[in-house]
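Novice: Below you'll find the structure I mean.
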Amino acid sequence: MIWPKFKDWIDERYDIAELKRLAKSKLIPQHRYDFLYYTGGITLFLFILQFITGMLLAFYYIPHIDFAYESIIDIVTKINIGWFFRSLHHWGAQLCIVFVFIHLFGTLLTKSYRRPRELLWVTGFVLLVISIFFGLSGYLMLWDERAFAAVRVATGGAGALPFVGSFIKIFLRGGTDVTGDTLTRFYAFHVAILPLVSMLLIGLHLLFVQYHGMSIPVSLEGKDHKEEPFFPNVFYKDMMIWLVVLGIVMTLAILLPPEIGKKANALAAPPEGIKPEWYFLFLLETLKLFPGSIFGFNGETIAIVCVSMGIFFFFLIPFLDRKSNRGERSPIFTVIGVIYLLYFITMTLVGFLS
Amino acid sequence: MKIKLFLQIIISLLSFLRRQESRIFYLSFLFLLTFNSLAFAEEKIPVFPTGPVEVYTIYTSLAVFWLAIIGLIVVIKMKLNEIERIQKLGIDKEDINAPLLD
């Protein structure tokens, strides 16, 4: 009896029927690449999962150099199913970045970035950068020797950038080296700044998707293709996929809980065979390709500049691909996209296996 | 010459190991081995419950969870099929000219 009254109360104040009509009027194209539409939804779902599990972990985590490591051990060993939520947060992050990359390369190869959706690409690209920084900042929270060394290398690498590198390094570290200040700073980024910025960007990204509608590949433009309403058809399909993803994350969290290494020690030598997170491996392997000195210049600086230029070119693709913007096929940018994808996969695999 | 020396060393070593006094050597070697393995064994932090009951409960819960997911997917799929059937028949759209019942 309460529900109909509540429904009437809401209906009197808000035009819910209009919202329903709007949701039903939104049509999603059906074609052979339409599975890529779901990658965005999966990423959103994993972001939500990260927010929930992150909030639960924040209840017990202590962002202090003397207690951070111990508080995580407490979460894992003393708090009721704390180990599970930590593991869920870890695997949620891994899969989230996997799906962000799939979504990105899917967008790139189907040229969904083309006019008028350039800002969708821009917001999505910034969200990818934020996701990676989320990963890096969250990694340091553990304050074990592996995380410590990885953050030292990553922030040191940023420091190799000419002109602004030193500023970025000191800004990220909160000093000249990775210390307790870095932990405090990364914690602020991880739980306050990045979630706020990512929520704004996700909102903006979704708003642009609603405004422009779903993009279809250039090859199918102008041809007859089927469409289905977002609500309820695609919504239900999304639900089914989200359930499967939830199951996968839970299974990974139970079967492969992330290990905790020794507590970080700034004076100790970094452990042997240390590797960064998988999404940094391609960068590390690229840096290894460069010699220590090139024509008298620092090889690392040149490598960082080259990588930055490569990433910047990647970011500018929607603005450079004129043919796609005119609705024509642009095989050059397809090849460029495939090269980027193959390079990323190959270097990640090389880094993983070496 | 070198081979002869090498063989002599081997023979003397083996004869030492067979002697009664060599027991001390064996014992001290075992003691050192055990002590070292204990002293340098890295303490692994348990990131997963170790109790057999807990482990059993967790794996059972995971299996039940997957069954629930499959069940929900089946229900949603059935619902979706029904929606698509209605959409195919074209009876999901509101008829503006339909007479209102007073």
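The values are calculated or read from the model by the stated rules, or taken from the named source; none is laboratory data. Quantities reported herein were computed from a predicted structural model and do not represent experimental measurements. Glycine also receives a Cβ, built like all others from the backbone with ideal geometry; neighbour counts cover every protein chain displayed. Ligands, DNA and RNA are stripped out before the accessible areas are found, and what is left, the full protein with its side chains, is counted by its heavy atoms. Shrake-Rupley method; radii C 1.70, N 1.55, O 1.52, S 1.80 Å.
Yes/no per residue for (1) at pLDDT below 90; (2) surrounded by 12 or more Cβ atoms within 10 Å (Cβ to Cβ):
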| position | (1), (2) |
| --- | --- |
| B:ILE9 | yes, no |
| B:LEU14 | yes, no |
| B:TYR26 | yes, no |
| B:GLY51 | no, no |
| B:LYS79 | no, yes |
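Novice: I'd like to verify a number: residues in region A:129-153 that are open to solvent by 20 Å² or more (accessible area, probe 1.4 Å), over 19 Å from A:ILE311 (Cβ atoms) and aromatic (Phe, Trp, Tyr), how many?
Specialist: 1
Novice: Let me ask something additional. Looking at A:GLY203 and the list (1) more than 30 Å from B:VAL64 (Cβ to Cβ); (2) open to solvent by 70 Å² or more (accessible area, probe 1.4 Å), which single condition is not satisfied?
Specialist: Here A:GLY203 meets the rest and fails (2).
Novice: Another question, if that's okay. Going residue by residue through region A:60-81, is there one that turns out to be of a type in the set (A, V, I, L, M, F, W, C), within 13 Å of another protein chain (Cβ to nearest Cβ) and on the phi > 0 side of the Ramachandran plot?
Specialist: yes
Novice: In region A:41-93, which residues are in a loop (DSSP other than H, G, I, E, B), among the aliphatic types (A, V, I, L, M) and within 25 Å of the chain's Cα centre (by Cα)?
Specialist: A:ILE62
Novice: Going by what's in this entry, would A:ALA154 be described as out of contact with any Gly (no Cβ under 9 Å at 6 or more places or on another chain) and not polar (S, T, N, Q)?
Specialist: yes
Novice: Restricting to region A:253-270, give me the number of residues that are in contact with a helix residue (DSSP H, G or I) (Cβ under 8 Å, 6 or more places away or on another chain) and within 11 Å of chain B (Cβ to nearest Cβ).
Specialist: Total meeting the criteria: 9.
Novice: Moving on. What pairs come out if I take residues in region A:227-247 that are more than 19 Å from A:LEU27 (Cβ to Cβ) and pair them with residues that are open to solvent by less than 30 Å² (accessible area, probe 1.4 Å) and modelled with pLDDT under 95 whose C-beta lies under 6 Å away, six or more apart or interchain?
Specialist: From residues that are more than 19 Å from A:LEU27 (Cβ to Cβ), there are no pairs.
Novice: Of all helices (runs of 4 or more DSSP H) completely enclosed by region A:273-344, which ones contain at least 3 residues that are closer than 30 Å to A:HIS90 by Cβ and open to solvent by less than 80 Å² (accessible area, probe 1.4 Å)?
Specialist: In region A:273-344, A:278-289, A:299-320 are the helices (runs of 4 or more DSSP H) which contain 3 or more residues that are closer than 30 Å to A:HIS90 by Cβ and open to solvent by less than 80 Å² (accessible area, probe 1.4 Å).
Novice: Being more than 23 Å from A:LEU88 (Cα to Cα) and part of a helix (DSSP H, G or I) is the filter; apply it to region A:228-252 and report the residue that is farthest from the other protein chains (Cβ to nearest Cβ).
Specialist: A:PHE230
Novice: For the subset of region A:13-34 comprising residues that are within 28 Å of the chain's Cα centre (by Cα) and open to solvent by 50 Å² or more (accessible area, probe 1.4 Å), which member is farthest from A:GLU221 (Cα to Cα)?
Specialist: Filtering region A:13-34 for residues that are within 28 Å of the chain's Cα centre (by Cα) and open to solvent by 50 Å² or more (accessible area, probe 1.4 Å), the one farthest from A:GLU221 (Cα to Cα) comes out as A:LEU27.
Novice: I would also like to ask the following. Only one of A:LEU243, A:LEU204 is within 23 Å of B:GLU84 (Cα to Cα), at pLDDT 95 or above and hydrophobic (A, V, I, L, M, F, W, C). Can you tell me which?
Specialist: When all the criteria are applied, what remains is A:LEU243.
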